[in-house]
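**Student:** Shown below is the structure under consideration.
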Amino acid sequence: MITLARAIGNFGSYLADERRFSPRTVLAYRQDLDRFADFWEREFGEASAGKTPVNRIDTLSVRSHLASLHRAKLSNRSLARHLSTLRSFFRWACREGHLDHNPTKGLPSPRVPRSLPRALTLADTESLLETEDEGHLPERERALFELLYATGLRVSEAAALDVEDVDLSARMLRAQGKGRKERIVPFGETAEDALRAWLPVRGALRARPSPQPSSAGRGSRLGEPLFVNARGGRLTTRSMARVLKRRLRAAGLPAQISPHALRHTFATHLLQSGADLRSIQELLGHASLSTTQKYTHLDAARLRDVYRRAHPRA
């Protein structure tokens, strides 16, 4: 019978190799499961620490673990994440034949309030895109923000773009999302113009001797990154966030707006202009339509306007 420790290791390999999760995501799963294993050994284990058969885990032990996390003042959001991790792990263990019954089955999830990144208004978006700031590479910053708003890419997806992924003549790009799933996303003329202005500057930076290795590529470090820093290396997501904060200050907008807010703004503006949810789902690369609905909430003013125009007695 497989031990809990070995099962956790095998589950991590499954997430990385079969589900193709990112190393950061696999690490997060592993940390949650290691915390559960430590709790079980401490509260229910015997002298042979680390030798616990995975089939000894029951619903009571899972409940006790969640109660201990609650006593440790973890938020409902963190508790829900831990329970989600355990559910995924035990579902996998059941499929693999290590367990006959999922001990998390029937356990209620803590209520987590829905929170959405702020969507910029059209005026704020225009201000962000048109503002000139003190950046050393204004062509890069304009191209970056125009592309993020034009495509709804995740910042990690933009950082991973190579030059060959972008077809300027067709105004299409190939993005690699979560689970390494690829999708084709169109963009407009404004983003094309910004990219054409940036590419010669990018080429000069890449021509400098000894550029940084392209560490944000998709599995291969041989690609030619689309967005680079002043030393010619691939621009990281952290650097993109810093660039955004600087641009927000220059535009007089709240500095706490995250790069992800541009993705939310992209979806919200499309929805407000009449795009259907299914198309937005495809553009964002969401596996589930419910995820798209979460990102594309309608504001109260638009709901009132729709009601007034559509209801016979409004």
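**Student:** Given H placed on each backbone N at 1.01 Å, which residues far from Asp162 in sequence or on other chains put an amide H within less than 5 Å of it?
**Tutor:** So Asp162 has HN proximity to Leu226.
**Student:** With +1 assigned to the C-beta of every Lys and Arg and -1 to the C-beta of every Asp and Glu, and no other charges, what is the dipole magnitude of the chain about the Cα centre in debye, to the nearest 20? Numbers along the way, then the final one.
**Tutor:** Numbers: 52 positive and 34 negative charges, 186 e Å.
The dipole magnitude comes to about 900 debye.
**Student:** Mind checking the per residue accessible area of the chain for me, 1.4 Å probe, whole number of Å²?
**Tutor:** Values: 17450 Å² over 314 residues.
The answer is 56 Å² per residue.
**Student:** Of Ala175, Ile257, Pro108, which is farthest towards the positive pole of the chain's charge dipole, taken about the Cα centre with +1 and -1 on the beta-carbons of Lys, Arg and Asp, Glu respectively?
**Tutor:** Pro108
**Student:** Give the carbon-plus-sulfur fraction of the accessible surface of the chain in %, rounded to a whole number; probe 1.4 Å, heavy atoms of protein chains only.
**Tutor:** On the way: 8670 of 17450 Å².
Looking at the chain in its full context, I get 50 percent from C and S.
**Student:** Related question: Only helical DSSP H runs with n ≥ 4 go in: add -39500 (n - 2.57) per run for the chain, normalise by residue count and round the 222 nm mean residue ellipticity to 500 deg cm²/dmol.
**Tutor:** Helices in the chain give a 222 nm mean residue ellipticity of -17000 deg cm²/dmol.
**Student:** I would also like to ask the following. Determine, for each peptide in 121-128, 265-272, 68-75, the mean count of other beta carbons within 10 angstrom over its residues, then list the peptides with the highest first.
**Tutor:** Details: 121-128: 15.4, 265-272: 20.6, 68-75: 12.6.
Highest-to-lowest ranking by the protection proxy: 265-272, 121-128, 68-75.
**Student:** Among Gly97, Thr125, Asn55, whose Cα sits farthest toward the positive end of the charge dipole of the chain (+1 at Cβ of Lys/Arg, -1 at Cβ of Asp/Glu, about the Cα centre)?
**Tutor:** Of Gly97, Thr125, Asn55, it is Asn55.
The values are calculated or read from the model by the stated rules, or taken from the named source; none is laboratory data. Owing to the predicted nature of the structure, the values given are computational and were not obtained by experimental measurement. Neighbour counts run over all protein chains shown; Cβ positions are idealised from the backbone, glycine included. Accessible surface areas use protein heavy atoms only, side chains included; no ligands, DNA or RNA. Shrake-Rupley method; radii C 1.70, N 1.55, O 1.52, S 1.80 Å.
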